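The values are calculated or read from the model by the stated rules, or taken from the named source; none is laboratory data. Because the structure is predicted, anything quoted here is derived from the model rather than measured. FYI the Cβ positions are ideal-geometry reconstructions off the backbone, even for glycines, and counts take in every protein chain you see.
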Amino acid sequence: MSEVIKIKKGLDIPLKGKAERVFGQTQLPGLFAVKPTDFHGLTPKMAVREGDPVKIGSVLFFDKYHPEIKFVSPVSGTLKSVNRGERRMILEVIVENDGKDTFVDFGKANPASMQRDAVIERLLESGAWPYFRQRPYDVIANPQDTPKAVFISGFDTAPLAVDTEFALTGEEDAFKAGLEVLKKLASEVHLSLPANSESKVFSGLDGVDVHFFDGPHPAGNVGVQIHHISPINKGEKVWVILPQDVVSLGHLFQSGHHNFSRVIAVAGSEVKKPAYFRYRLGASVKDLLKGNVNEGSLRVISGNVLTGEKIAEDGYLGFYNNLVTVIPEGDDYELLGWAMPGFGKFSMSRTFFSWLFRNKEYRLNANLHGGLRAIVMSGQYDKVLPMDILPEFLIKAILTEDIDEMEQLGIYEVVEEDIALCEFVDTSKLELQSILRTGINVMIKELGA
């Protein structure tokens, strides 16, 4: 085993409700959605109209400024509706599932024997290209670029995260086939695993650089791994992809069909039976939650509690999410909560007496426990961000739109998930992830992606 990279800064948030390593039983729902809002910087243009029939792999919409990048249907059926927001911005493209699973056949192929351009063309035509995201900026990769490397994080340290090894069990051949695709796209493919990994899923991989990490969250974030393996400098680009998406690429070339099947987890303190499910990208979560959550005011999140998107109980799974988290909303009033000993409250510091119980799991809610205030230079950000950057100064540079300072302070290396813990521990209650995205948009506008 190669040298273990030890991450010392960070924080594991011990939430109640981790999914058991068992599969629950459920059928696919009747409605699915592909949400353009899941993709930063996308301007969608519809390719079909309401009422049109679609197959698995049929194009629903494409990027107005990069029409070769297509977004396809995860099920066969009928385009039910296009939900729009302000200025007619497309929020959701809803497809009604007919249960027949008819598909567009893109043809079987062996990526190892194909030219790079042919591999890219297959990925674009099948709608699989959005799986690739570019760092810096966390936008969909440009197929005309050649990245210096492709990175995969083979584990997730976020609260209640899916066990990647469990999710990929039985998909070893498809995962290796997907890696063959990645090796055609870049000269280097990096896979990061936890230090104690002895997984058969990730064994016997040729032509892949395997790295091992040990430490608290965000050790599983691909951005942190890139920072410690091959930091991004100005002008450089790398691509990242999720492990289950690599499996989907493998199935695409092995069968000729775009496979949207995913292993997801339904977890959180308000879930009666947290478990795993074999589901599909874009699916409605209504049937997963029906009868399986507690009564009361709840927050349903597509993704984890740090970076996920709040959705309705009949909302839809995000394109890059394999986790549905349910926690209390926290909109009830707590009299003198600040003055109580706080045995049931989690804190990074010793503010509450709960620090005495090291192995305790917590039923945390979405309450901010305070209001917006000026930036407090407390040094708390530095304790949870294992990168050689100065996050407090970076945030200040973004707020003043100082592009030179933003470059020097490391904006090329971070995206929202990397500073999510900073937002969690922030005594100023600032929306740091939103601020960072604003800074990234300024960089894209001034310098291009």
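Of everything in the range 415-435 that is of a type in the set (D, E, K, R) and touching a helix residue (DSSP H, G or I) at 6+ places or on another chain (Cβ under 6 Å), the residue that is nearest to residue 157 (Cα to Cα) is 418. Looking across the range 224-237 at every residue that is in contact with a helix residue (DSSP H, G or I) (Cβ under 8 Å, 6 or more places away or on another chain) and surrounded by fewer than 24 Cβ atoms within 10 Å (Cβ to Cβ), the one that is nearest to residue 155 (Cα to Cα) is identified as 232. Count of the range 422-449 residues, restricted to those that are touching a strand residue (DSSP E or B) at 6+ places or on another chain (Cβ under 6 Å) and at pLDDT 95 or above, is 0. Selection of the range 214-261 for residues being of a type in the set (S, T, N, Q) and either closer than 20 Å to residue 322 by Cα or touching a Cys at 6+ places or on another chain (Cβ under 8 Å) (or both) yields 221, 244, 248, 259, 261. The residues on offer are 403, 375, 419, and the sole one that is modelled with pLDDT of 95 or more and over 26 Å from the mean Cα position of the chain (by Cα) is 403. Applying a threshold of 6 Å to beta carbon distances and a minimum spacing of six or more residues, or different chains, the list of pairs starting in the range 285-296 at a residue that is over 17 Å from residue 265 (Cβ atoms) and ending at one that is crowded, with 18+ Cβ neighbours inside 10 Å reads 294/270.
Among the criteria (1) in contact (Cβ under 8 Å) with a residue 40 or more places away in the chain; (2) closer than 19 Å to residue 174 by Cβ, the one residue 207 does not fulfil is (1). Scanning the range 133-166 for residues that are assigned to a helix (DSSP H, G or I) and surrounded by fewer than 22 Cβ atoms within 10 Å (Cβ to Cβ) yields 165, 166.
Report yes if some residue within the range 33-40 is of a type in the set (Ser, Thr, Tyr) and assigned to a helix (DSSP H, G or I); otherwise report no. Yes, there is a match, as at least one residue in the range 33-40 is of a type in the set (Ser, Thr, Tyr) and assigned to a helix (DSSP H, G or I). Residue check: is residue 318 in contact with a strand residue (DSSP E or B) (Cβ under 8 Å, 6 or more places away or on another chain), on the phi > 0 side of the Ramachandran plot and assigned to a loop (DSSP other than H, G, I, E, B)? No; evaluated as a whole, the condition is false for this residue.
Being in contact with a Phe, Trp or Tyr (Cβ under 6 Å, 6 or more places away or on another chain) and either more than 15 Å from residue 39 (Cα to Cα) or in the same structural domain as residue 161 (by TED's automatic domain parsing) (or both) is the filter here; which residues of the range 277-305 pass it? Within the range 277-305, 280, 283, 284 meet the criteria. Out of the residues in the range 1-32 meeting the condition of being among the basic types (Lys, Arg) and part of a loop (DSSP other than H, G, I, E, B), tell me which one is nearest to residue 75 (Cα to Cα). It comes out as 21.
Inclusion of residue 105 among residues that are under 15 Å from residue 186 (Cβ atoms), surrounded by fewer than 21 Cβ atoms within 10 Å (Cβ to Cβ) and of a type in the set (Asp, Glu) is not warranted.
Evaluating residue 377 against the criteria (1) free of Cβ contacts under 8 Å to residues at least 40 places away in the same chain; (2) surrounded by 15 or more Cβ atoms within 10 Å (Cβ to Cβ) leaves one unmet condition, (2).
Within the bounds of the range 254-275, is there any residue that is touching a Gly at 6+ places or on another chain (Cβ under 7 Å), assigned to a strand (DSSP E or B) and of a type outside the set (Val, Ile, Thr)? Scanning the range 254-275, I find at least one residue that is touching a Gly at 6+ places or on another chain (Cβ under 7 Å), assigned to a strand (DSSP E or B) and of a type outside the set (Val, Ile, Thr), so the answer is yes.
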